[in-house]
């Protein structure tokens, strides 16, 4: 773990501008957990992380999305919202517009009895980038595109080579947040006077995950050509609340994007708090024109190098995962649950000032096959240390 600066000026940058940027921007440096003010009020629509990788057992593509952050083992699980449209968007021709979408829709019953229905992959009813106002608006895919349905209790449903699961799971994100905050000097208890690195802040924490496995041919246009993947959550544009007993809310057909996520910590690190909600509502084609210079400025405040920061921003914007469907390697080729993305992100953001957090694996082992994500923590487990 490298914790000493290369130069006094870089140390000053990291202990000054870095601190102000991160603490003003987010409650926690935690991928996209609670990454923006508006989405912080809507945890069922808060995308924490997404995963896209090739199943090494059969060559299929696995996609996973986590929401509902910071659920603790033994506490009641949190359901998915029946009013949220959960989507994976796939660009398979390289223009950063979604050519295919996969939508998850959840029933209105709670947790144990909740079910999930998957639609697609199909061409979107309305492509977000064609909206004149610049807003990301979409519609539900028609009933004829229904792919698979099953219980949202963490079990696996499969048919015709497609598998789906949804429910509570261990949070696959692993990171010693406390140590890094202390090492950078903006929380009390410096690393040399407190403890060594290596305690996973997310140990013992659950999230809600839905995932799907499909043959690669369902998502690709040209065999072997890489695809771009990102995720969004949306709520309907207008909801009219019922005011009398026995009546129900009425919603419009159009869904407005609330959150978007692909690469870990792009919004968290590169975008200031005042712009985080609008960034979450932007499409990939809008991101560079609207936010590139803003992101370069913020990143150069961290590492002190504008030219270097421009290179890093251009590599990570637009915010999409790129997946070589012929390779089982991990991040930055898509993202697997076991990929230690924080070490890569910290080293890149700080230009080598911080190269790791001492946490190189999840607190519990991942599964060897679909759904890959570890089962949820229970109240029978000991509470792990977090400080």
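General remarks:
- Net length available on complete extension from residue 368 to residue 156 is 74.9 nm, with 0.36 nm assigned per residue and the Cα-Cα distance removed.
- Scattering from region 273-387 was approximated by placing one identical point on each alpha carbon and applying the Debye formula without solvent; log10 I(q)/I(0) at 0.10, 0.15 1/Å stands at -0.45, -0.92.
- Cβ-derived FRET efficiency at R0 22 Å, residue 311 paired with residue 221, nearest 0.05: 0.15
- Reciprocal mean inverse distance between Cα atoms of region 265-313 - Kirkwood radius, Å: 10.8
- Residue 380 paired with residue 110, simple spin-label distance in nm, labels 7 Å along Cα-to-beta-carbon: 2.5
- Here the simple spin-label model places points 7 Å from the Cα toward Cβ, and for residue 274 and residue 143 these points are separated by 4.9 nm.
- Euclidean distance between Cα centres, region 309-351 to region 264-278, Å: 17
Computed from the coordinates by the stated procedures, all read-outs in this text should not be read as laboratory data. Computed from a predicted model, the values in this text were never measured in an experiment. Reconstructed Cβ throughout: ideal geometry from the backbone, glycine too, with neighbour counts over all protein chains shown.
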